[in-house]
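The values are calculated or read from the model by the stated rules, or taken from the named source; none is laboratory data. Source: prediction; values computed, not measured. All Cβ positions, glycine included, derive from the backbone under ideal geometry; neighbour counts span all protein chains shown.
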């Protein structure tokens, strides 16, 4: 649910299936304007506008980024929008204006594959562009992409649109509209933008900047991935993709956009018709657990090609079980083949790559990267305190049991995490009480459900708060993560968890790590915190 949100009053977000018996009431203001100080778009003004949404959620509650339909089976968006995301977790809604009218507006389509720029830099967000491949080709109005490498003149008027935050004051609650808004902005030279200092110093030719020196009008979080368009002698042309900015509509802090003209060759390569899986994300997993993954390679293009061979980067983590593609011969238009692999995770971060070599002129190699973080079994005292069926796992900075039998994030060096994974949970519900004991806002508590990040918080709390999540998969896992990023020599920051309960939907019996408790029945999900360099997601 997109509602205003203060730092201390953390909201209930129904998109993750969290229910509430009581929530903190937040101030919600009715505002009739603005992407940030823009205007409501006409219903049919931007038919190529696309909402990127979480699968299984309605468009309003599930939308988190924008995109643009560029024809056929492809949508253009920002790489940071789809970072660490599997395609099966997303849908797009093409041509929608009002996110609450999905039944009468737009087309909802499943996502088949995601292609992020191979030089996307997460430290400065250069090359922040991605192509989303859809499960089927779509008949809808597409937008033309700018092909002129010549920079737009400084001061040229461009328009950006989205369903993002309309509140420019970071100390006020966010305001998210259900209808599409737009705002016109002037192009700013790269030199002027770099002079803003900070992260702006590192922008390159893969970016554009737009906005006013006095701020006031801008795109904001939630607008990420959406199009920046230019009226080129009557032809609506996309020149940019919403990427980032320091704050929203702040003085001398401009909006930064991926430069479509500079990146168009890459976009054309990704939309040439070769379909494959670029990344597979497993999240936190137990070590030595073997997973089987089928990779499908499809030729939607007009040029036939063959797969000559496939190799793995690390045989201890990745094994080819079968390679139908190597024996399939020539893949003509609309033909597919499969490669089946077995993935094994060791302790810590795992990144293994399968590379298929082809005779395609556009894709001589096709690489699929497998990402996971392997955990070992938690010690017996932690497992006993968890007190529910399934298995408990930790990393090299394991959770501990405190003097009063509460679980506590362990000692964590700066730049590292303390992780507790509860795995093998049957369908039903899981609940627990948590207390963030965090003084430094660089440190945070994060929750993951089945590999998906539900959010993070950074507060010094006097009371425990209760969380409850629906477990809908046949086997579920919940990861509780304390991440430390402060620069202090020592910190007492940590997170406490108690009273873990698991109720299986197959029976009415519940398991518990202790008696019920908590300060009061608040059920909520943690809001994402603002970043110093805000990714407009």
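Numbers for the structure displayed
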| quantity | calculated |
| --- | --- |
| Count of region 444-483 residues which are closer than 23 Å to residue 390 by Cα and assigned to a strand (DSSP E or B) | 21 |
| Residue count, region 258-312 (criterion: at positive phi, surrounded by 15 or more Cβ atoms within 10 Å (Cβ to Cβ) and either in a loop (DSSP other than H, G, I, E, B) or in the same structural domain as residue 232 (by TED's automatic domain parsing) (or both)) | 1 |
| Considering residues of region 313-323 that are over 30 Å from residue 379 (Cα atoms) and surrounded by 13 or more Cβ atoms within 10 Å (Cβ to Cβ) only, the residue farthest from the chain's Cα centre (by Cα) | 323 |
| Filter result (surrounded by 22 or more Cβ atoms within 10 Å (Cβ to Cβ) and free of Cβ contacts under 8 Å to residues at least 60 places away in the same chain) within region 179-195 | 187 |
| Qualifying residue in region 133-141 (condition: in contact (Cβ under 8 Å) with a residue 24 or more places away in the chain and touching a helix residue (DSSP H, G or I) at 6+ places or on another chain (Cβ under 7 Å)) | no |
| Some residue of region 388-395 being over 30 Å from the mean Cα position of the chain (by Cα) and at pLDDT 95 or above | no |
| Region 384-413 residues that are free of Cβ contacts under 8 Å to residues at least 40 places away in the same chain, paired with ones that are exposed (fewer than 15 other Cβ atoms within 10 Å of the Cβ) (beta carbon under 6 Å, 6 or more apart) | 401/381 |
| Of residues in region 69-96 being within 15 Å of residue 269 (Cα to Cα) and assigned to a strand (DSSP E or B), the one farthest from the chain's Cα centre (by Cα) | 71 |
| Filter result for residue 441 (farther than 18 Å from residue 389 by Cβ and touching a strand residue (DSSP E or B) at 6+ places or on another chain (Cβ under 8 Å)) | no |
| Within region 108-125, tally of residues that are crowded, with 21+ Cβ neighbours inside 10 Å, part of a loop (DSSP other than H, G, I, E, B) and over 16 Å from the mean Cα position of the chain (by Cα) | 0 |
| Output for region 384-399, where each listed residue is surrounded by 20 or more Cβ atoms within 10 Å (Cβ to Cβ) and in a strand (DSSP E or B) | 392, 393, 394 |
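For every residue, the table says whether it meets (1) assigned by TED's automatic domain parsing to the domain that holds residue 451; (2) more than 30 Å from residue 297 (Cα to Cα); (3) free of Cβ contacts under 8 Å to residues at least 40 places away in the same chain; (4) out of contact with any strand residue (DSSP E or B) (no Cβ under 8 Å at 6 or more places or on another chain).
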{"position": "341", "(1), (2), (3), (4)": "no, no, no, no"}
{"position": "351", "(1), (2), (3), (4)": "no, no, yes, no"}
{"position": "415", "(1), (2), (3), (4)": "yes, yes, no, yes"}
{"position": "429", "(1), (2), (3), (4)": "yes, yes, no, no"}
{"position": "432", "(1), (2), (3), (4)": "yes, yes, no, no"}
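Matching residues to (1) crowded, with 18+ Cβ neighbours inside 10 Å; (2) in a loop (DSSP other than H, G, I, E, B); (3) modelled with pLDDT of 95 or more:
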position	(1), (2), (3)
333	no, yes, yes
337	yes, no, yes
353	no, no, yes
367	no, no, yes
382	yes, no, yes
